[in-house]
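First comes the structure, then the notes that go with it.
The values are calculated or read from the model by the stated rules, or taken from the named source; none is laboratory data. All values reported here derive from a predicted model rather than from experimental measurement. Because the Cβ atoms are built from the backbone with ideal geometry, glycine has one as well, and the counts that use them run over all protein chains shown.
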Amino acid sequence: MRRVHDLVAFCLPYELEDVVAEVTGADRVEVANDRPLEFARRMYKLGRLATRSRRLARAMVPRLGVPALTRDYDLFLPVFNNPYELFALHAVPDWRQRCRVAACFISEVWDYDIPEYLLELLADFDHIFLASYHPTQDVARIVGRPCTYLPLAVDVLRFAPYPSPPWRSIDVCNIGRRSPVTHAALLRLAREGRIFYYYDTVRASGEGGRQMTFSVGNASEHRLLLANLLKRSRYYVANRSRVNEPEIVGGKEEISSRFYEGVAAGAVLLGEPPGSDEFRRQFDWQDAVIRLSFDSPDAGEIMAAIDANPRRIERIRRDNVCNAALRHDWVHRLHALFDTLRIRPTEAMLAREERLRSLAALAREAPGDAA
């Protein structure tokens, strides 16, 4: 979907696609024009509501003129940013006939916003994987197919600072959704020349101006930029998903990508993580995240207190990179997906896992990171 949906948040699942292609040699099928697809989706929704029949609704939808698959495949693995992209399956009309096994990955789903008329399109899949923990049972019930939580991850080989850690010249990086209170406290320190504070300057959007988003021209280039920023950041603000919209989340907290990015880069994470057992299972080492209230007028004092213990900071950085390399790379998620589908990992997957183990060993034995 990268050729039609280019919001910065979508760069993460596109990174998964890049890693999958690298370690499996997969062919890509990409939607090139969103307008006819969106028109077809609306026609399908209208037909589905009017006729209450999936078959009749599909008959009302115009063909999109996408070339058919030319050979058979062992696995069909589309990656979607959210459920509203599922109708892109209509652009590949022969996918089920051409693929022995079919699974999909959806990066973000929320309980309050599950379009059942689109999830029905997943009924022909063998397995569905969600990067959101809480909706898995509802999606399985609606679709009638197995649904498994598959956490987010990151290209650790891209984000890790080793083997040549650069100087951490950025004191704190705070991007995406943010607290105006914490931002003001950090901005004051930056104005006084006491810290180098990296933050977004785009206009806030969404209801109440609580989102910080923009479009990017090249997802891979943006991820490279972010990796290089975080490798040079001492602190990284990481909060749970949609931290400033608790009325929407309704207590069902999810793990945002910030945690995976930050630990892979060896930054010290500050923020409000989810209060869930799943988060504690995935980030179970000491100081994986140092709690910083979302609204923290004393953010500068908290960082100064941490700075007073350089050995603690060195340990945090090493532990973060080591755990990311052993547990939170995209190849770990792909291997888990393959295990579920009873598909053998490729040689390239195994080779990447070996590189990650070597990286973890390097992080474990590394001297103090540049700071």
* Asked: In the range 264-286, which residues are closer than 21 Å to Ala304 by Cα and either touching a His at 6+ places or on another chain (Cβ under 7 Å) or surrounded by fewer than 16 Cβ atoms within 10 Å (Cβ to Cβ) (or both)?
  -> Gln286
* Asked: Inside the range 168-191, can you point out the residues that are among the basic types (Lys, Arg) and not in a loop (DSSP other than H, G, I, E, B)?
  -> Arg188, Arg191
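Yes/no per residue for (1) under 18 Å from the mean Cα position of the chain (by Cα); (2) of a type in the set (A, V, I, L, M); (3) farther than 23 Å from Val61 by Cα:
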| position | (1), (2), (3) |
| --- | --- |
| Glu85 | yes, no, no |
| Trp110 | yes, no, yes |
| Leu119 | no, yes, no |
| Ala123 | no, yes, no |
* Asked: Within the range 27-65, which residues are of a type in the set (Gly, Ala, Ser) and either surrounded by 15 or more Cβ atoms within 10 Å (Cβ to Cβ) or part of a helix (DSSP H, G or I) (or both)?
  -> Ala40, Gly47, Ala50, Ala57, Ala59
* Within the range 128-167, can you find the residues that are basic (Lys, Arg) and either in contact (Cβ under 8 Å) with a residue 60 or more places away in the chain or outside any helix (DSSP H, G or I) (or both)? -> Arg145, Arg158
* **Exclusive hit being out of contact with any Lys or Arg (no Cβ under 7 Å at 6 or more places or on another chain) and not assigned by TED's automatic domain parsing to the domain that holds Val92, set Gly47, Gly25** => Gly25
* Asked: If only one of Glu261, Glu247 is under 17 Å from the mean Cα position of the chain (by Cα) and either at pLDDT 95 or above or not in a loop (DSSP other than H, G, I, E, B) (or both), which one is it?
  -> Glu261
* To do: Kindly indicate the residue of the range 16-70 that is at pLDDT 75 or above and at positive phi and also nearest to the chain's Cα centre (by Cα) among those meeting that condition.
  => Gly25
* To do: Would you point out which residue out of Tyr84, Tyr73, Tyr112 is in contact with a Lys or Arg (Cβ under 7 Å, 6 or more places away or on another chain), touching a residue at least 24 places away in the same chain (Cβ under 8 Å) and hydroxyl-bearing (Ser, Thr, Tyr)?
  => Tyr73
* Structure fact -> Per the filter on the range 223-235, residues assigned to a helix (DSSP H, G or I) and either surrounded by 17 or more Cβ atoms within 10 Å (Cβ to Cβ) or more than 17 Å from the chain's Cα centre (by Cα) (or both) are Arg223, Leu226, Ala227, Asn228, Leu229, Leu230, Lys231
* Do you know which of the residues in the range 320-371 that are more than 24 Å from the chain's Cα centre (by Cα) and of a type in the set (Lys, Arg) is surrounded by the fewest Cβ atoms within 10 Å (Cβ to Cβ)? -> Arg342
* Residues of the range 291-305 satisfying the condition of being surrounded by fewer than 18 Cβ atoms within 10 Å (Cβ to Cβ), not acidic (Asp, Glu) and not in a helix (DSSP H, G or I) -> Arg291, Ser293, Phe294, Pro297
* Every residue from the range 140-171 that is hydrophobic (A, V, I, L, M, F, W, C) and in contact with a helix residue (DSSP H, G or I) (Cβ under 6 Å, 6 or more places away or on another chain) -> Ile142, Val143, Cys147, Leu150, Leu152, Ala153, Val154, Val156, Phe159, Ala160
